[in-house]
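Scroll down for the structure; my scribbles are underneath it.
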Amino acid sequence: MSLFESQAPRPLADRLRPAHIGEVVGQDHLLAAEAPIGRMLAAGRLASMILWGPPGCGKTTIARLLADRTNLHFEPLSAVFSGVADLRKVFESAKHRRQGGGQGTLLFVDEIHRFNRAQQDGFLPYVEDGTVTLIGATTENPSFELNAALLSRCQVMVLRRLDDAALELLLARAEALEGRAVPLTGEAREALRAMADGDGRFLLNLAEEVFALHAPEPLDAARLAATVQRRAPVYDKDREGHYNLISALHKSLRGSDVDAALYWFARMLDGGEDPLYIARRLIRFAVEDIGLADPQAIVQAMAGTETYERLGSPEGELALAQVVIYLGTAPKSNAAYKAFGIARRSAKETGSLMPPMHILNAPTRMMKDIGYGKGYQYDHDAEEGFSGQNYFPDGMPRQRFYRPVERGFERELVKRLDYWAKLRAKRHSADPGDDE
């Protein structure tokens with residue numbers, strides 16, 4: 001680094017970058033002495049790994065410090081700006097370094113998920129023979145974005161978003177470096193940490209903005225909000241965040257936790273999710289997890305979707321919120337969902353069996369002569385409007401697919417099914433020749 005470069009201004013986050021592993025905050029589950037990376041360092045052996053975590057949790061810093069601790073040459077690359085030619089140069093240099101002086105190379109690839117499958121395959125021989133120790137950093141789920149072959153050669157280390165205590169420690173370090181307190185009231189200080197949303201780098205950038213104000217008196221929460229920009233929520237509509245939040249919404253509804261469901265619904269909207277996607281998932285929930293325990297659930301879900309389509313955002317979002325509340329408070333049953341699944345499996349296993357002759361129509365004389373429709377009993381003419389005849393294929397025992405629960409409207413359906421079962425048994429005992 002030149003004299004002029006060393007004197008150039010540097011962002012607060014860069015000036016506070018940890019100088020050794022012990023200064024990294026919020027990742028003790030990986031870096032402590034008995035944690036996975038801590039054990040590697042104690043043994044003096046570093047395996048290739050993927051650091052998976054949200055922005056600002058220390059992935060790049062950890063990679064640099066691991067290279068320092070293990071005396072490996074640090075070779076950083078960004079998958080955004082690098083291609084195959086850059087990788088070849090790195091691998092060739094790593095080979096010469098290893099053969100010439102015996103020094104290993106730690107290849108750090110930021111945003112590794114942005115390399116395509118063929119480029120990822122290019123790492124394999126060099127990782128396998130130890131030419132490089134690969135540390136990849138990604139904010140995306142590695143199981144979705146990285147080749148299985150590459151994952152099998154790397155350990156996946158999951159970094160956590162920084163909690164409130166870790167963010168407060170970073171603020172204290174910033175104050176020690178600046179030699180003064182961040183000019184914020186206690187409430188505003190809490191608000192600043194909340195704005196960072198677990199991103200340490202973003203927190204320090206916000207703190208640097210506040211320091212630069214040279215405010216004559218501490219800012220309160222309202223003045224802070226008017227001065228600095230809140231961090232945009234981490235939410236990628238076509239990646240893992242999308243699936244995580246819709247799963248959280250669905251399971252909160254299933255657990256009848258209306259408040260949690262409203263929270264995840266709001267989080268998805270705040271992240272820019274298409275409200276109609278959420279509406280479709282609410283419709284699915286109504287039939288999958290409520291079903292006939294509350295037949296109005298599907299009606300409410302469809303009405304809320306139609307209302308949103310008529311009004312749009314933001315007014316129509318209230319209709320979807322109302323659907324969330326209705327579904328969360330409705331009695332739950334997946335009996336219809338399970339019944340359909342069992343029936344589908346049974347149909348595949350017995351798909352060639354014909355319906356019994358007595359329930360087949362006989363539109364021609366020949367069909368009537370060979371027995372189509374013979375013996376059919378018109379239920380409306382039967383006592384109590386129920387004939388009790390068999391409608392399953394001949395040779396197939398009677399099946400029980402639908403088993404309603406004792407909740408909501410399905411309690412009434414239990415009574416009806418029990419009533420018909422008793423009538424069926426009565427008809428069958430009276431006419432033992434009737435094949436069920």
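The values are calculated or read from the model by the stated rules, or taken from the named source; none is laboratory data. Keep in mind the model is a prediction, meaning the values are calculated, not measured. Please note: Cβ atoms are built from the backbone with ideal geometry, for glycine as well, and neighbour counts cover all protein chains shown. Ligands, DNA and RNA are stripped out before the accessible areas are found, and what is left, the full protein with its side chains, is counted by its heavy atoms. Shrake-Rupley method; radii C 1.70, N 1.55, O 1.52, S 1.80 Å.
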| note | For the chain, the charge dipole (Cβ of Lys, Arg +1; Cβ of Asp, Glu -1; about the Cα centre) points to a positive end, and the Cα of M354, F81, L204 closest to that extreme belongs to M354
| With every protein chain in place, the stretch 31-144: carbon and sulfur % of accessible area (1.4 Å) | 48 percent
| Dipole of the stretch 274-377 (Lys/Arg Cβ +1, Asp/Glu Cβ -1, origin at the Cα centre): which of I342, G304, A319 lies farthest to the positive side? | I342
| FRET efficiency for V258 and A165, Cβ-Cβ distance as r, R0 = 30 Å, nearest 0.05? | 0.50
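Carbon and sulfur together cover what percent of the accessible area of the stretch 357-436 at a 1.4 Å probe radius?
Carbon-and-sulfur percentage of accessible area, whole number: 53.
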| query | Sorted by average packing, counted as other Cβ atoms within 10 angstrom per residue and highest first, what order do 168-178, 192-202, 373-383 take? | reply | 192-202, 168-178, 373-383
| query | Label-point separation (nm) for L417 and F144, each offset 7 Å from Cα along Cα-to-Cβ? | reply | 3.7 nm
| Gaussian network model of the chain, springs between alpha carbon atoms under 10 Å - residue of A425, A47, A266 with greatest fluctuation | A425
| request: Choose one answer from G179, G371, G104: the residue with the largest mean-square fluctuation in a GNM of the chain with alpha-carbon springs under 10 Å. | output: G371
| remark: Sorted largest first, the Cα spans of the chain on the principal axes come out in Å as 105, 61, 40
| request: Over the alpha-carbon set of the stretch 1-125, work out the extent along each principal axis and list the three values in angstrom, largest first. | output: 42, 35, 33
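How much area per residue is accessible in the chain when the probe is 1.4 Å and only protein heavy atoms are counted (Å²)?
With all protein chains present, the chain gives 55 Å² per residue.
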| field | Inter-label distance for S352 and A212, nm, one decimal - labels placed 7 Å from Cα along Cα-to-Cβ | value | 7.8 nm
| query | Given charges of +1 on the Cβ of Lys and Arg and -1 on the Cβ of Asp and Glu, with all other atoms neutral, how large is the dipole of the stretch 71-121 about its Cα centre, in debye to the nearest 20? | reply | 180 debye
| Charge sum, other residues only, whose C-beta stays under 11 Å from P295's C-beta, Lys/Arg counted +1 and Asp/Glu -1 | -3
| message | Quick check for me: using +1 on Lys/Arg Cβ and -1 on Asp/Glu Cβ, what's the dipole size of the chain about its Cα centre, in debye to the nearest 20? | response | 1140 debye
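Could you work out how much longer the chain between F340 and F401 gets when fully extended? Use 0.36 nm per residue separation minus the Cα distance between them, nm to one decimal. Please list the in-between numbers first.
Values: separation 61, 0.36 × 61 = 21.96 nm, distance 0.74 nm.
Difference between extended and current length: 21.2 nm.
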| request: For the stretch 144-190, give the magnitude of the charge dipole about the Cα centre (Cβ charges: +1 Lys/Arg, -1 Asp/Glu; no others), in debye to the nearest 20. | output: 300 debye
